[in-house]
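Engineer: Just passing along the structure, written as structure tokens.
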Amino acid sequence: MSVIDVNNPFIIRKYLSDKYFCDRVKETEFLRKHMTNGRDVALISPRRIGKSGLIQHFFHQSDIKDKYYVFYIDIYATTSLAEFVYAFGKEIYEQLKSQKTLWKEKFFQVITSFRIGFKLDAMTGAPSFDLGLGDIQAPLTTLDEIFTYIDEADKPCIIAIDEFQQIGEYAEKNVEALLRTKIQQCQKAQFIFAGSKRHMMSNMFNTPSKPFYQSAISMGLAPIPMDTYTDFACHLFQDNGKDIDEEVVKMVWSMFDGYTWFVQMMMNELYALTPTGGHCQVTMVKEAKNNVIISQEGSYKDLMSNLPPKQKIVLQAIAKERLAKNITSAKFIKKYNLSSASSVQSAIKLLLKNDLITQTDGVYRVYDHFFAEWLSTIY
């Protein structure tokens with residue numbers, strides 16, 4: 001694999017190479033085993049723990065890149081079948097446009113409903129995908145064409161659909177059954193269905209009455225072990241002419257329960273605060289966390305300004321509690337001056353729907369650790 005050098009080795013928003021990726025050896029092998037043996041996988045775990053990073057790491061393995069076409073579709077922001085179809089078709093074209101294959105040349109021949117989006121650059125003559133969401137007039141027809149196109153591929157495909165539970169929220173009520181039928185009939189592709197809402201994903205894949213029941217091998221994703229991540233972080237510092245106490249890494253890991261994105265964000269800031277040849281110590285952790293929170297303060301204020309008062313006060317209460325239990329009890333309501341159990345339940349439902357809080361075994365917490373800290377101490 002090619003090595004990409006960066007100014008800060010603690011990557012936050014994208015996958016670059018295995019040099020900057022920590023562990024997940026067993027998880028990568030799990031995906032390889034099932035994908036290469038014709039089994040779809042349902043990857044179910046909370047957001048920010050590293051699902052998309054794992055998928056991208058798996059896609060970048062040399063044997064996978066050589067033998068398969070790989071596609072990653074994030075449907076978190078989609079709200080309808082038309083938006084799903086648009087994201088699906090656009091990802092396929094974007095991944096193929098730089099490749100010189102007969103299959104790429106057939107894209108607009110097979111997916112005829114996308115022809116209105118086929119444009120040639122006036123300067124270079126290169127084709128481009130110039131299609132807007134409003135151009136998806138017949139999503140069922142376009143979806144049929146996309147699956148027909150996939151089945152005409154000159155090598156097998158692996159298609160990862162992230163936040164897959166979102167299809168259950170679409171206005172159309174038959175999307176699960178429709179996609180299940182299309183996927184079942186598709187001969188040239190294996191699928192990774194990744195999702196962060198455990199209850200919804202489990203319901204989709206483990207309920208006998210649901211179309212996707214037992215259609216995929218379930219896979220969870222736990223935090224990277226503390227010692228493994230500590231070794232990884234220390235080496236990245238050392239490889240770039242800096243040093244860090246193991247105690248610092250372990251403190252940061254514990255602070256965020258090992259959730260990859262939050263830990264990486266802190267390590268990125270700690271690395272930035274440490275001069276070349278310098279030494280990162282425990283005393284720098286507080287400054288790093290404050291810097292991250294301040295950098296996000298504007299978006300936090302905007303978010304709070306748009307929340308209804310009842311949701312706002314319940315969100316603040318959960319943030320101050322950090323891990324909130326029995327939130328409809330008289331004790332909790334009195335402690336935070338909430339109005340009633342029914343109003344708390346109503347607010348919780350909407351906060352969960354909007355991913356502002358998470359719930360596990362009756363325990364609630366603010367999803368974004370940095371946002372929770374800001375709410376409890378600054379706001």
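Engineer: Tell me, what is the 1.4 Å probe accessible area of Lys301, in Å² to the nearest 10?
Structural biologist: For Lys301, solvent-accessible area is about 110 Å².
Engineer: With the crude spin-label approximation of a point 7 Å out along Cα→Cβ, what separation in nm comes out for Ala77 versus Lys250?
Structural biologist: Modelled inter-label distance: 4.1 nm.
Engineer: Relative to the longest principal Cα axis of the chain, at what angle does helix 139-151 sit, 0 to 90 degrees, rounded to 10?
Structural biologist: Around 70 degrees separate the two axes.
Engineer: Hey, another quick one. Placing +1 on the Cβ of each Lys and Arg and -1 on the Cβ of each Asp and Glu in the chain, which of Ala330, His60, Tyr364 has its Cα farthest towards the positive end of the resulting dipole?
Structural biologist: Ala330
Engineer: Any chance you could list the semi-axes, whole Å, largest first, of the equivalent ellipsoid that the Cα gyration tensor gives for the chain, using √(5λ)?
Structural biologist: Each semi-axis is the square root of five times an eigenvalue, giving 38, 29, 20 Å.
Engineer: Around Asp361, with a cut-off of 13 angstrom between Cβ atoms, what is the net charge of the other residues, counting Lys and Arg +1 and Asp and Glu -1?
Structural biologist: Neighbourhood net charge equals +3.
Engineer: For segment 203-297, what % of the accessible area comes from carbon and sulfur atoms, probe 1.4 Å? Don't skip to the end; give the middle numbers.
Structural biologist: On the way: 2140 of 4410 Å².
Exposed carbon and sulfur together represent 48 percent of the surface.
Engineer: Which residues does the label zone of Thr360 cover in segment 38-53, counting backbone N under 15 Å from a point 7 Å along Cα→Cβ?
Structural biologist: Only 44-51 fall inside the zone, counting backbone N under 15 Å.
Engineer: May I pose another question? Divide by every residue of the chain the summed helix terms, -39500 (n - 2.57) for each DSSP H run of at least 4, and state the resulting mean residue ellipticity at 222 nm, rounded to the nearest 500 deg cm²/dmol.
Structural biologist: Numbers: 17 runs with 184 residues, N = 379.
When only DSSP H runs of four or more count, the value is -14500 deg cm²/dmol.
Engineer: Note down the accessible area of Phe108, probe 1.4 Å, to the nearest 10 Å².
Structural biologist: We get 20 Å² for Phe108.
Engineer: Kindly sort Arg198, Arg48, Arg32 by accessible area of their heavy atoms, largest first, with the probe set to 1.4 Å. Intermediate results must be reported in sequence, preceding the final value.
Structural biologist: Details: Arg198 135, Arg48 90, Arg32 50 Å².
From most exposed to least exposed: Arg198, Arg48, Arg32.
Engineer: Additional query: Within the set Lys173/Lys310; Lys97/Lys155; Lys182/Lys349; Lys289/Lys320, which residue pairs have Cα atoms separated by over 26 Å?
Structural biologist: On the way: Lys173/Lys310 31 Å; Lys97/Lys155 16 Å; Lys182/Lys349 33 Å; Lys289/Lys320 17 Å.
With Cα atoms farther than 26 Å apart: Lys173/Lys310; Lys182/Lys349.
Engineer: Pull out a ≥ b ≥ c, the square roots of the eigenvalues of the alpha-carbon gyration tensor of segment 323-364, then state rounded if a/c is under 1.5, prolate if not and a/b is larger than b/c, and oblate in the remaining case.
Structural biologist: On the way: a/c = 2.28, a/b = 1.40, b/c = 1.62.
Oblate shape, in that a/c is at least 1.5 and b/c is the bigger or equal ratio.
Engineer: For the chain, set up a GNM with springs between Cα atoms under 10 Å and report which of Asp66, Asp151, Asp18 has the largest fluctuation.
Structural biologist: Asp66
Engineer: Go ahead and run the numbers for FRET between Ser62 and Ser340, Cβ-Cβ distance against an R0 of 51 Å, rounding to 0.05. Show your work: numbers first, answer last.
Structural biologist: On the way: r = 59 Å, r/R0 = 1.16.
Working from the Cβ atoms, E equals 0.30.
Engineer: For segment 225-379, what mean projected area does the convex hull of the alpha carbons give, in nm²? Before the final figure, lay out the partial values.
Structural biologist: Numbers: hull surface 39.2 nm².
Its Cα hull, projected and averaged over all orientations, spans 9.8 nm².
Engineer: What whole-number value in Å² describes the accessible area per residue of the chain for a 1.4 Å probe?
Structural biologist: On the way: 18680 Å² over 379 residues.
Per-residue accessible area for the chain comes out at 49 Å².
Engineer: If you add up the charges near Asn37, with Lys and Arg at +1 and Asp and Glu at -1, over every other residue whose beta carbon is less than 15 angstrom from its beta carbon, what do you get? Spell out each step's value before the answer.
Structural biologist: Working: positive: Arg32, Lys33, Arg39, Lys67; negative: Glu29, Asp40, Asp63.
Surrounding charge for Asn37 is +1.
Engineer: Would you tally the net charge around Asn291, using a Cβ to Cβ cut-off of less than 15 Å, leaving Asn291 out, and scoring K and R as +1, D and E as -1? It would help to have the intermediate numbers written out before the result.
Structural biologist: Values: positive: Lys286, Lys289; negative: Glu269, Glu287, Glu297, Glu373.
Net charge around Asn291: -2.
Engineer: List the GluC sites (Glu not before Pro) within segment 1-105 that fall in a DSSP loop (any state other than H, G, I, E or B) and whose Cβ has at most 14 other Cβ atoms within 10 Å.
Structural biologist: On the way: sites: Glu27, Glu29, Glu83, Glu91, Glu94, Glu105; in loops: none.
Sparse-neighbourhood loop GluC sites (Glu not before Pro): none present.
The values are calculated or read from the model by the stated rules, or taken from the named source; none is laboratory data. All of these numbers come straight from a predicted model, not from anything done at the bench. Here the Cβ is made from the backbone with ideal geometry for all residues, glycine too, and neighbour counts use every protein chain on show. Note: accessible area is taken over every heavy atom of the protein model, side chains too, but ligands, DNA and RNA are not part of it. Shrake-Rupley method; radii C 1.70, N 1.55, O 1.52, S 1.80 Å.
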